[in-house]
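The values are calculated or read from the model by the stated rules, or taken from the named source; none is laboratory data. Being a predicted model, the structure only gives us computed values, none of them experimental. Because the Cβ atoms are built from the backbone with ideal geometry, glycine has one as well, and the counts that use them run over all protein chains shown. Quick note on the areas: whole protein, heavy atoms, side chains included, nothing else; ligands and nucleic acids left out. Shrake-Rupley method; radii C 1.70, N 1.55, O 1.52, S 1.80 Å.
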Amino acid sequence: MSEPIILVHGGAWAIPDDACQAHQQGVEMAADAGWHALAKGASSLQAVEEAVAVLEDNDTFDSGRGAFLNRDGRVQLDALIMDGATLKAGGVGCVERLRNPVRAARVVLEKSPHIYFVAEGAERFASEHGIPLIDNSELVLPREVERWKNAAEQRYLSVPAEFAGGLAELEADDQSPQFDSHDTVGAVALDAKGNIAAATSTGGTLNKAPGRVGDSSLIGCGCYADNESAAASTTGWGEPMMKLVFAKWAADRVSPDMPPELVAPASIEYLHRRLNGHGGIILLDRRGRIGMAHNTPRMAWAWRNNAQHKSGVRYPG
Ligand code: ASP
């Protein structure tokens, strides 16, 4: 028997002072939801689904309703869920009519011989398995329409001083994202049977090209879980993370001698050194050891087990 635990994140970026409370409350609520599932004996897979669904339902984050708009002014969502016990995974990409992409991803994991569905095919698969389709406008917030209009007007928004040094390189790379656009959500959990799982859900980057898929929902890039190594969920600039297959890179480095607590900062250091990437990661192994790191000014996180619950908007605090 293992001591269950859940760890969640709500994006790594320069979360403004006036948004910190909403972020912290949001990740706490998600950790609570995941914890309640675990406490009732649910699997880690169920717990990460429940936690991420709570974050998708929360307008604060770049997932589900309230996500960033793409260049067409539409919400286009990606999500992945993975079971560390079986290595089964389910993913959906570029979906526009699902309120909770993580639940569709779970259905893909459970009911399909395939792993990943995109766009209308993903929506059709979800609908055929009882998930209602909604109109894209139900996912669009006036706040995001405003943000999207501003983004279209100016190439970079409020670059935090911490990043001023990296701006030259970013300007040289036309594909680089806005700095204030990393509000992806994710969760990793360990259940009483000793199995770990991970899930990640996102609206991607602000003003992204329609059809663009980032790291978040790609196996091993923004999400990974293997009982033999670790469960990982990431957030941040997706393209460097994809090139490094970042979540799996990090998970594979966890071992009895290398706890997540050491691997997480080493991973972020690698991401930055190798590709000047930025973002954050949460990691958990079967022993219930957790790790977190980010090289952005802030990252919203929360974890909960039987004895304690902790949260913050920077790690370490
Ligand atoms: N990693 C996500 C993406 O590139 C963005 C984020 O984490 O906010 O789609």
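Residues whose amide H lies under 5 Å from that of residue 315, counting only those 5 or more places away or on a different chain, are 299; hydrogens are built 1.01 Å from N in the peptide plane.
I need the calculated FRET efficiency for the pair residue 243 and residue 72, taking r as the beta carbon distance and R₀ as 22 Å, to the nearest 0.05.
Working: r = 26 Å, r/R0 = 1.19.
So, using R0 = 22 Å, E works out to roughly 0.25.
Evaluated with a Cβ-only charge set (Lys, Arg +1; Asp, Glu -1), the chain carries a dipole of roughly 460 debye about its Cα centre, given to the nearest 20.
For the pair the range 266-292 / the range 75-122, the C-alpha centres are spaced 24 Å from each other.
Any chance you could run the full-extension gain for residue 118 through residue 306? It's 0.36 nm times the residue separation minus the Cα-Cα distance, nm to one decimal.
Working: separation 188, 0.36 × 188 = 67.68 nm, distance 3.78 nm.
Fully extending the segment from residue 118 to residue 306 adds 63.9 nm.
Could you rank the peptides 50-63, 251-264 by their average count of other C-beta atoms within 10 Å per residue, with the highest value first? It would help to have the intermediate numbers written out before the result.
Numbers: 50-63: 26.2, 251-264: 18.6.
Highest mean packing first, the order is 50-63, 251-264.
Report the gain in length on full extension from residue 2 to residue 287: 0.36 nm times residue separation, minus Cα-Cα distance, nm rounded to one decimal.
Difference between extended and current length: 101.8 nm.
Contact order, relative form, for the chain: 26 percent (alpha carbon pairs under 8 Å, 6 or more residues apart, mean separation divided by residue count). Near residue 286, once Lys and Arg are set to +1 and Asp and Glu to -1 for all other residues with Cβ below 14 Å from its Cβ, the sum equals -3. Residues in the range 128-138 carry Karplus couplings, in order, of 5, 10, x, 8, x, 9, 10, 7, 4, 4, 5 Hz; the curve used is 6.51 cos²θ - 1.76 cosθ + 1.60 with θ = phi - 60°, and Gly or Pro positions show x.
Each other residue within a Cβ distance under 13 Å of residue 265 adds +1 if Lys or Arg and -1 if Asp or Glu, for a net charge of 0. Remark: the Cα gyration tensor places the range 1-142 in the oblate category, a/c being 1.5 or greater and a/b not exceeding b/c.
Annotation: amide H-H contacts under 5 Å for residue 14 (H modelled 1.01 Å from N, sequence separation of 5 or more, or interchain): 298. Given a 1.4 Å probe and every protein chain left where it sits, what share in percent of the accessible area of the chain is carbon and sulfur? The computed percentage sits at 49.
Taking each pair of distinct Cα atoms in the chain once, what is the resulting Kirkwood hydrodynamic radius in Å? Numbers along the way, then the final one.
Working: mean 1/r = 0.0536 Å⁻¹.
That comes to 18.6 Å for the chain.
Karplus-derived 3J(HN,Hα) values for the range 269-277, using 6.51 cos²θ - 1.76 cosθ + 1.60 with θ = phi - 60°, are 5, 5, 4, 6, 5, 7, 9, 6, x Hz; glycine and proline are entered as x. Derived scalar couplings between HN and Hα for the range 202-211 equal 8, x, x, 8, 4, 6, 5, 5, x, x Hz in order, rounded to whole Hz, by the Karplus curve 6.51 cos²θ - 1.76 cosθ + 1.60 (θ = phi - 60°), x for Gly and Pro.
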